[in-house]
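Novice: Attaching a single structure in structure tokens format; questions to follow.
Nothing in this text is a laboratory measurement; each read-out follows from the coordinates by a stated rule. Predicted, not measured: the structure shown is a model, and the values here were computed from it. Virtual Cβ from ideal backbone geometry, glycine too; neighbours counted across all protein chains shown.
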Amino acid sequence: MELPRRRFRHQGPLLEPARWDDFIARADDIFISTPAKCGTTWTQAIVASLIFGRADHGRKPAHISPWLDADFTPWAEIRAMLAAQTHRRFIKTHTPLDGMPFHAGCVHLAVYRDPRDAFFSSRAHAANMDMAHAKSRLALDPREAFRAWCEGRFTPGGEDVSCLERTVHHYRSFKAFAARDEIHLLHFADMKRDLAAVVRRLARILGIEVSERLLAKLVAAASFENMKRNASQFVPDPGSLTWKQDTAFFARGANAQWREVLSAAELALYEARLAELLPAAEARWLNHGDEGDEE
């Protein structure tokens, strides 16, 4: 079976691909790779509870599961932290599979969300950030910004811009190797629909035995309501100047937020653009996960 390989160096405003050059993997590492606002923090929280075997482990997942290729934390600091960890490591990245070295045996969790919801969640995310570059992302009217996002072009190895084509590229990079034991695709909609089933699946993927009693506790701890209520544990950099409100990091966690804003014309544009990029069955999965064709 063909192995994934690093074909591109995805460079962006926050991404530093050189960090992968001297990253030293361990055989049981877990990589959580998602497009932005697709359930990264949620997945980190679930994986942490499974690794430590309890809902009340007290650790802050985002602090021990670093965004490896983001350049706002010094690489020497990230590398030293990962080297010192004695628990099973789980590492965050937004890089597609074709932009990172592949280590056979390591687990790759690729998590997706209806791209329309991810788009609006990103806008809410920017609105909660007290930073100039975030405010610039809100300059356009949401419908105008959505049209530009749909029509945007992404070139692998070029500027890592935010657009629908970039999200699809991320998905296709993992989907192409989904038959491998190391690659697992998850969907935000399925996590919303049946979180217990997803936690149970993740436990199987990671080779961790979980009793039904413990499963119930882990599911309760990973609920959207609990994570929002305990935002200081789950939000990256809680209490920092980054966020206007820590709890607003978990804005709504709802599906189909786009229905409240987009017109029939914008939805038609989205569907036409997605049809250019993906076969119909894959487009349906990217929109809805295993829920099927319901809209």
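Novice: Which order do peptides 78-86, 157-165 fall in by mean Cβ count within 10 Å, highest first?
Specialist: The peptides rank, most packed first, as 157-165, 78-86.
Novice: Same structure, new question: Please give the length that would be gained between Ala220 and Leu185 if that part of the chain were fully extended, namely 0.36 nm times their separation in residues minus their C-alpha to C-alpha distance (nm, one decimal).
Specialist: Once the chain is fully extended between Ala220 and Leu185, it gains 10.3 nm.
Novice: Per-residue counts of other Cβ atoms within 10 Å, averaged by peptide: what ranking do you get for 29-38, 49-58, highest first?
Specialist: 29-38, 49-58
Novice: Spin-label point model (7 Å from Cα, Cβ direction): what's the Thr73 to Glu144 distance in nm?
Specialist: 3.7 nm
Novice: State the extension gain, in nm to one decimal, for the chain segment bounded by Arg172 and Asp290, taking 0.36 nm per residue of separation less the distance between their alpha-carbons. Display every interim value, and only then the final one.
Specialist: Values: separation 118, 0.36 × 118 = 42.48 nm, distance 1.69 nm.
Length gained, Arg172 through Asp290: 40.8 nm.
Novice: Given [x] 96, 52, 39; [y] 55, 40, 38; [z] 51, 40, 40, which label gives Cα extents along the principal axes in Å as computed from the coordinates?
Specialist: [z]
Novice: Also: If R0 is 41 Å, what FRET efficiency do you get for Glu271 and Ile208 from their C-beta distance, rounded to 0.05? Don't skip to the end; give the middle numbers.
Specialist: Working: r = 39 Å, r/R0 = 0.96.
Efficiency, from the Cβ-Cβ distance: 0.55.
Novice: Right, here's the next one. When the label point is put 7 Å from the Cα of Arg26 along its Cα-to-beta-carbon vector, which residues of region 83-115 have a backbone N closer than 12 Å?
Specialist: Taking a point 7 Å out along Cα→Cβ of Arg26, the residues of region 83-115 whose backbone N falls under 12 Å are 83-91.
Novice: Right, another one. Would you calculate a helix-derived [θ] at 222 nm for the chain, using -39,500 (n - 2.57) for each DSSP H run of n ≥ 4 and dividing by the full residue count, to the nearest 500?
Specialist: Helix-only estimate at 222 nm: -12500 deg cm²/dmol.
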